Structure formats: C-alpha cells, structure tokens
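Notes for the one structure printed next.
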4 protein chains.
Amino acid sequence: MGKREDILNATLDLITEEGLQSITFSKIFKRANVGSATFYHYFDNKEVLVNELYKNTSKQMSEFVIKDYDIAATLYEKFRFFLKKTADFAISHPNELWFLENYAHSPFISEEIRNAVDPTISEFINIIAEGQRQGIIKDMNPVVCFQIVGGSILFVIRGHLSNKYPLSDSEIQQTIEVCWKGIKV
Amino acid sequence: MGKREDILNATLDLITEEGLQSITFSKIFKRANVGSATFYHYFDNKEVLVNELYKNTSKQMSEFVIKDYDIAATLYEKFRFFLKKTADFAISHPNELWFLENYAHSPFISEEIRNAVDPTISEFINIIAEGQRQGIIKDMNPVVCFQIVGGSILFVIRGHLSNKYPLSDSEIQQTIEVCWKGIKV
Amino acid sequence: MGKREDILNATLDLITEEGLQSITFSKIFKRANVGSATFYHYFDNKEVLVNELYKNTSKQMSEFVIKDYDIAATLYEKFRFFLKKTADFAISHPNELWFLENYAHSPFISEEIRNAVDPTISEFINIIAEGQRQGIIKDMNPVVCFQIVGGSILFVIRGHLSNKYPLSDSEIQQTIEVCWKGIKV
Amino acid sequence: MGKREDILNATLDLITEEGLQSITFSKIFKRANVGSATFYHYFDNKEVLVNELYKNTSKQMSEFVIKDYDIAATLYEKFRFFLKKTADFAISHPNELWFLENYAHSPFISEEIRNAVDPTISEFINIIAEGQRQGIIKDMNPVVCFQIVGGSILFVIRGHLSNKYPLSDSEIQQTIEVCWKGIKV
DNA sequence: GATGAATGAGAATTCATTCAT
DNA sequence: GATGAATGAATTCTCATTCAT
C-alpha cells in the first residue's frame, strides 16, 4: 500500500472524526505517517487532494451500487436494485456519503469533476427512460425523476443517521415502494 | 439596528457572495463596519457565531414556509402548500439552504441546536399523521414520510441549482404530485 | 466602602489567585463590580493603579510592623520587635508581600514611589545607627545592615511559603538570634 | 548552533535589554532571525519557553557559582566562596537574577521545574550540615540556615542595584562576615 | 459619579507550502 | 521517493482605553 493511498485514507478518516472544517494538513501528515513534502509529491495542493478524494469516493460508491447488477432482471427489479444498493451504501458508509454531499457544492471541486458522468447513475437514468418508453413510468425529465427517488432514499437514511429514528429493512422497502408508486403511471 | 445584527447580516451576506470556505473574520468586520473586539463583545468565538446564524437561518426558513398557511384548507392542499413553499424558499435562498444543509452535520453546531424542534416541520408532520388517521396516507413512521417527500423536493431543487436542468413551475408541481401519489393509500 | 477601594481590593485578590502576569483590566472590572469607565474615573491608567496599590500595601505593612512599638524598650528588644513583626506580616500576608517584592523592581513603579521613605523602615535604621553609636552594633552602612537582617528574615519566610519547610515560632526566634549575633560587635 | 538555541538566547538578551514586561514574540522572532512558525516548532507555547528559560538560567547561575570551587578548601573558605560567587553573579547578571526571582513565583513555572534540586545549592547546604556535624555551625535546619545567609547576600546586592548605596568589595566581605558570625557556634 | 458598548492596534498562534538533504 | 525543519502571510483573538449616555 503506497503513501498516496495512506494520505487519501487518512483524510477521509479525519473528516469522519473531526468534521470537514477542522482538518489541517499537519493532522493529515501525522495520521498518514507521511512527511509534509511527501504529500506535495503526490498532490499539488489542497484542491487536488479534495478533488482526488471526491473522484475516489464517487467511484467507490458507484462500484458498490452497480455490483451484482442483473442486466436480465425486469425493469421494476432493476429500479428496486438501484435504490436498495444506494441505501446499503449510505448506511454502511455514512462518512463517505456525507463527504460526497458536502463537497459536491464546494468551490474546491472543479466543474469538470462535479459534472463527470457516473456510469452507474447513467444506467439508473437509462432504466427510468426505458420505463417511460414502455409506458410504465410517468413522462417527465428522467434526471428530475432520478433526483426525486434519490432524494427520498438518501433523506430517509440521513434521518436515520441523525438519530431521528431507527431503521429496519422494512422501512427501506417501504420507501422504495413509495418511490415506485409515485413515479409509475 | 444594533451591531449584533450587523454582524449576523454581514456573515450571511458573505456566505452568499463568497461561499462558506473563504469567509474570514476580518472580512466580516469590514463588511459589518465593526471593530474586531466588538465582535467578541457579542460572540464568544466563531462557534457561537455559526450556531447563532444557524438558529437565525432555520427560523427564517421556518417562517418563510409557514407564511400564508391556511389552517382551514384541505389536507391535500396543506400538503401541497408545504412542499411548494419549501421549494420556493430553496430556489430563492440557495445559499441559506446550502448553509443549513452543510452546517447541520458540522461539529460546530451544538447538539441542542441541531435537535431543536422546528414548529413548521412539526406542523407538516402533524398533517401527515392526520392524513394517516383519516386513512388517506399510507401507514408508516410520519417522520420517515416527511424525509421522503422533503428529500424529493430538495433534491429536485438541488439538481436545478447545480445546473443539471432548468426548472419551471410545472416540474415543481409534477414533483409534488409524485410525492403525493407515492404516499397516499 | 467606595468603588475605589473595591478596585484596589479586587486587584490584590486577583494577583493572589492568578498571579501577576495574567491579570487584565476586564477581570478587575468584573471582580470589582465596576464599569470600565468607572475605573478611569479613579485611576488615569494601569500605571497609576499599580503605583497606588504599591503605596497602599507598603503603608499597610509599615503600619502593621510599627503597631505596639514600645519606644521605651531596650535597643535589643526594639531590634527583635521589628524583625518579629516583619515575619508576622510576611506569614499572614503572603500575597501582599509577594506583590511588594515583585513590583518593587517593575518599571511600572515610579522612582518617586519606589524611593519614598518608609517611616517604619527609617525607625528601624535609626535603631541600628543608634546601636552603632552605643558601640553595640558593628560599624557599617546602616542601610546595608538593614538589608542583611531584612533579607534573612524574609528569605526564611519565603522558604516556608514555598513549602521548603514547616516554620514554628522557634525557627523565627532562631533566625532573629542569628541576625543579632551577626551584626553585634 | 540550532534555531532553538537562537530563540532562547534572543529571549534572554531581550529580557536583559528591555525588561520582562515589554517582551513580545515578534521581538523575539526578529532578534532570533526566526520565522514565527519556527518558534512553535520548538516550543508549544509561551509557557514552555519561559520554563525552558528558567531551567537554563538556573543552570547558568548554578554553574557560575560552582566554577573554581576548591573541594580541598576549609569549611570556612567554602562558605565564603559560595556567598562571594553568589554576590558576583548577582552583580554581574542583575537581569538574570531578577528573572529567576520573579518567575519562581509565577504560575507559568511548573511545580516540577520550580522544585528541581540544584546541585550547587545542595552542595552549599551540605557544607552547612557538615559544619554543624563538626560543631562549628549552630544547630538548626540547614535549609533555613541557607535561606538566612542567601537572603542576606541577595538583599544587600538588591539594595545596591536599586541605587540605595554604592557597593565595594569591602561591603560584600563585611556581609559575608556578618553571615558567618551569625551562624557559627 | 457611573456605565458598558465600541474600538483598533497589536498579541499569540496556525497554516499551506518550500527547500535542502 | 521520502523527509521534516523552516517559513511568513494570514488568522483568531485580547487588551487598555474612550465616548456617548
């Protein structure tokens, strides 16, 4: 495992423990067991680090969600699959989720990276569009539709992570049902 | 208008203009026309300022949403009202919204303030519970239900604010319809 | 009891509790229950306060030591009296003592006040000079002689106050004996 | 010579030149030719610096006094030696002396450092105890005895440094004689 | 006489970044 | 490739003092 990974891991760990605001480079150096100059060997500056981390974490989430995706499943099953896997990731990786949500708006994240097309999301949006073509899902901007169902599932997890309520699998299933019922014709 | 207000206003203005990351105290002092020590006369430190601002902004949103609330309206109308007003606030106050979402997770915000009960949200949750009692809305944890519909509407706005798509009133109405259809029996 | 006294008392109290270095005016204002401007009504600035305190405390010590002075006593008895009373004051007013010792060297104390003649000390030095005239005490600069015996007694108390050793009356008597034996012919 | 030494030296120089009260960090940085952050690389904060300086200065005095100590000398000669060297140090290093006396009582100096055993003082106290064993010096707590003679010599120097009187070698010899006569049997 | 909000100069401290090794 | 001592500009925060009431 290289120093570069150490730095990225240490940064996410620290975000987890102390919150985004209070992170300093020297904390990262100490945590990653890395000299300060070593950092600059791998990352030109803070911005580059954060962008890299954002890319990494995005990819991690994307790959987690798409894993075990059954291309032969029905449209409804695929829809359920995406939301369920998203919920699973959010619950098991709360800090990654939180980092992604916060930094997506940050001036640090370059336009290019923020707008990069995520293949998993693309596939999900394709599924929605396909559903619309088949007359199963309501006609609307499929990206808006994606935001509707994505927002629902993520906010339900958020509420749970903020200790507003316990969350069992049945609530998650319920949420997915609500989403499906809402958007279907 | 006292210096304390000046400081709070200047801070929010600066967040609006420059984003959260780049704000420094000296910028606040200059903007508020206030000596540095004056700041510390009113706020013990940065944390206190941010908490105060969070309380203020929460209240602002809460009051914006509840304004013109018609207690005599039907349950469906009330539901639509809350989501529409939330969307209106989000669109017209993007920086306030972003500040609230980001800082809600920050270690700066005290547990006490984070968990404070918002009367507008309470009323919305009550409406949901009332709908359930009347057999109009599906039986589920009303707070979870609130997160579902709130997440939908806010994510739709977010997507718009991130330039993913233009947003006309008809998309907002559509979103509200999806929410209602999803949760009703 | 006037505000002026309150300020002086509060200042000495704070020196006692927190040490000289860490005293600030706002602490004094709070402790004395006095507005900041009230302070400046009585004392032009910090220097004046410290000088006033120095004068006050000097006088307090001086009056404590001279109290019950028996002008009819023998020279030896008078000598013992001064040293014993000095020791008594030092033990019972450690903070006053410490303030006097530290600030005597401070640039804050004006030359005028630092060099002001203390009547009690004058009387003690007179006693020494008288002893020399009578051929009882060794011939030397009486002020130097005063420093010798004063230094002895105060350092013995200091050592005690610094917890180097317990101190009973017999050690004090012993110290006085040493002083007397040292300077007598 | 490292930066750490530079900082300590600059601090002592400044105390010597300007007195304790007026020292600021930026003066130290300039004098030591050191960036501000460099200071914090070596010393966690002001307190640590002052403690370190206290240790250094203590050691300096200790080494000055013990220098040229003749272990073969008679007890009386040793006694004279310690007092004479103490006086020499006090006269030639008034600021160091004053720093030691003032800061010994300061809350800045940690208990541990304040109570550290000085080998030169230990040796002096041993000499006193040895004199008592030989029946030359009066029986009393040797530490008290040390304070008696130390206080005498230091107060005599103090009086001189405060411009109360000129001081030639003969007054110092006289003072040492008084001390010896006072404590011997 | 008494007040305390307001101040700005300046203090201590932190930070991202560089450079010689 | 790896290091960490060194940096100075920037930042947070303090302080003695003033002024309008």
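Please determine whether any residue of segment A:147-166 is over 13 Å from B:I148 (Cβ atoms), touching an Asp or Glu at 6+ places or on another chain (Cβ under 9 Å), within 9 Å of chain B (Cβ to nearest Cβ) and not in a loop (DSSP other than H, G, I, E, B). No: zero hits. When residues in segment B:74-102 are screened for being assigned to a helix (DSSP H, G or I), more than 13 Å from chain A (Cβ to nearest Cβ) and without any contact (Cβ under 8 Å) to a residue 60 or more places away in the chain, 8 of them pass. Take the residues in segment B:17-45 that are surrounded by 15 or more Cβ atoms within 10 Å (Cβ to Cβ) and not hydrophobic (A, V, I, L, M, F, W, C), then tell me which one is farthest from the chain's Cα centre (by Cα). Taking the candidates together, the pick is B:T38. Take the residues of segment C:110-146 that are within 11 Å of chain D (Cβ to nearest Cβ) and modelled with pLDDT under 95: which is farthest from C:D88 (Cα to Cα)? Step by step, filter segment C:110-146, then rank; the result is C:E111. Quick check on segment A:31-42. Is at least one of its residues of a type in the set (G, A, S) and under 22 Å from A:L167 (Cβ atoms)? No, segment A:31-42 contains no residue that is of a type in the set (G, A, S) and under 22 Å from A:L167 (Cβ atoms).
Across segment D:22-39, the number of residues qualifying as free of Cβ contacts under 8 Å to residues at least 24 places away in the same chain and away from DNA strand E (no atom under 11 Å from the Cβ) comes to 1.
To keep it simple, each residue is scored yes or no on (1) modelled with pLDDT of 95 or more; (2) more than 16 Å from B:D13 (Cα to Cα); (3) near DNA strand F (Cβ under 8 Å from one of its atoms); (4) not assigned by TED's automatic domain parsing to the domain that holds B:F124.
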residue	(1), (2), (3), (4)
B:K30	no, no, no, yes
B:N33	no, no, no, yes
B:S36	no, yes, yes, yes
B:V48	no, yes, no, yes
B:L53	no, no, no, yes
B:F64	yes, yes, no, no
B:K67	yes, yes, no, no
B:D70	yes, yes, no, no
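If the condition is being open to solvent by 50 Å² or more (accessible area, probe 1.4 Å), more than 14 Å from the chain's Cα centre (by Cα) and not hydroxyl-bearing (S, T, Y), then segment D:66-96 contributes D:D68, D:D70, D:I71, D:A72, D:E77, D:R80.
The values are calculated or read from the model by the stated rules, or taken from the named source; none is laboratory data. It should be emphasised that the depicted structure is a prediction, and the values quoted were computed from it without experimental measurement. Every residue, glycine as well, gets a Cβ built from its backbone with ideal geometry; the counts of neighbours run over all protein chains shown. Side chains included, ligands, DNA and RNA excluded: accessible areas come from the protein's heavy atoms. Shrake-Rupley method; radii C 1.70, N 1.55, O 1.52, S 1.80 Å.
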